[in-house]
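The next block holds one structure in the form of structure tokens; read it before the comments.
The values are calculated or read from the model by the stated rules, or taken from the named source; none is laboratory data. Owing to the predicted nature of the structure, the values given are computational and were not obtained by experimental measurement. No Cβ is skipped: glycine too gets one built from the backbone with ideal geometry, and neighbour counts run over all protein chains shown.
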Amino acid sequence: MLMQRVFQKPTKASLYRKQIVYEIDSLGLGSFGIITIISVFMGAVITLQTASNIDSALIPAYTVGFTTRQSVILEFSPTIIALILAGKVGSNIASEIGTMRVSEQIDALEIMGINSASYIIVPKIIAAVFINPFLVIWSMFIGVFGGYLVAMLSSVISTTDYVYGIQFEFDPFGVTYALIKTVVFAFIITSIPSYYGYYVKGGALEVGSASTKGVVSSSIVILITNYIITQLILI
């Protein structure tokens, strides 16, 4: 019911442009640093673990690069980054909207005749759906590069074998599949915390509780949706 109200025709589209740009900077670009750090170490750890568990001469060395690429593109970048953003961005959204509710700012918007649900939530959803795919593509690149750093700085695998592995039988549809998940996850990350924040009642304690519920619920829905999308697309 909230989403039906959110996506009603806005009274004035020009009100949304500035908000969307602000939300792109706040929700997307504001997470750029943490995504970079997590992705580079994620790729490095996958490379190390894969190399350390391959102890058979029958398995070619380039398998390490191949496994790192597949793991990062298909699962780690779209799903793990979504879970991280659910914690960082989701809690921020729920607490921001919840604070607006308890401080009666939302009531003030309603009195002025503005569709508060649409005005507050739509820019967040549009911003996340737009910027998150770019963040995930960056995460993929940095994750694979993190594995390359391991190959370059250690002796677990040569850089030549690693590069050959990440190029071996590359299927561009894997990136498409990851971006489809990313768009769906972006909607979940913004809409569910927005719901908990929008309908919060009480004071600061209830706002904190709503923020926690928003993060937990969106994380669970992301995992369930991840399974459903994988079942529908890859199987």
Of the criteria (1) touching an Asp or Glu at 6+ places or on another chain (Cβ under 6 Å); (2) surrounded by fewer than 17 Cβ atoms within 10 Å (Cβ to Cβ), which one TYR62 fails: (2)
Sole residue being under 27 Å from the mean Cα position of the chain (by Cα), crowded, with 22+ Cβ neighbours inside 10 Å and either modelled with pLDDT of 90 or more or in a loop (DSSP other than H, G, I, E, B) (or both), chosen from ILE126, ILE97: ILE97
Single residue of ALA108, ALA44, ALA57 found to be crowded, with 20+ Cβ neighbours inside 10 Å, among the aliphatic types (A, V, I, L, M) and out of contact with any strand residue (DSSP E or B) (no Cβ under 9 Å at 6 or more places or on another chain): ALA44
Where a residue in the stretch 1-25 is closer than 11 Å to TYR119 by Cβ and among the hydrophobic types (A, V, I, L, M, F, W, C) and its partner, wherever it lies, is modelled with pLDDT of 80 or more and in a helix (DSSP H, G or I), with Cβ under 7 Å and at least six apart: VAL6/ALA117; VAL6/SER118; VAL6/ILE121; VAL6/VAL122; LEU15/TYR119
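Conditions tested, residue by residue: (1) under 15 Å from VAL129 (Cα atoms); (2) modelled with pLDDT of 95 or more; (3) touching a Ser or Thr at 6+ places or on another chain (Cβ under 7 Å); (4) crowded, with 18+ Cβ neighbours inside 10 Å.
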residue: GLU169; (1), (2), (3), (4): no, no, no, no
residue: PHE173; (1), (2), (3), (4): no, no, no, no
residue: THR190; (1), (2), (3), (4): yes, no, no, yes
residue: TYR198; (1), (2), (3), (4): no, no, no, yes
residue: GLY202; (1), (2), (3), (4): no, no, no, no
residue: GLU206; (1), (2), (3), (4): no, no, no, no
residue: ILE224; (1), (2), (3), (4): no, yes, no, no
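When you scan the stretch 2-41, how many residues do you find that are of a type in the set (Ser, Thr, Tyr), surrounded by 13 or more Cβ atoms within 10 Å (Cβ to Cβ) and farther than 13 Å from ILE125 by Cα?
3
Check every one of the helices (runs of 4 or more DSSP H) wholly within the stretch 1-81 and list those with 2 or more residues that are basic (Lys, Arg) and over 15 Å from the mean Cα position of the chain (by Cα). Steps first, please.
Numbers: elements: 2-6, 14-23, 32-53, 63-71.
Because the criterion is at least 2 residues that are basic (Lys, Arg) and over 15 Å from the mean Cα position of the chain (by Cα), the helices (runs of 4 or more DSSP H) in the stretch 1-81 that meet it are 14-23.
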Residue satisfying condition, being among the hydrophobic types (A, V, I, L, M, F, W, C) and in contact with a Pro (Cβ under 7 Å, 6 or more places away or on another chain), within set VAL200, VAL216, VAL183: VAL183
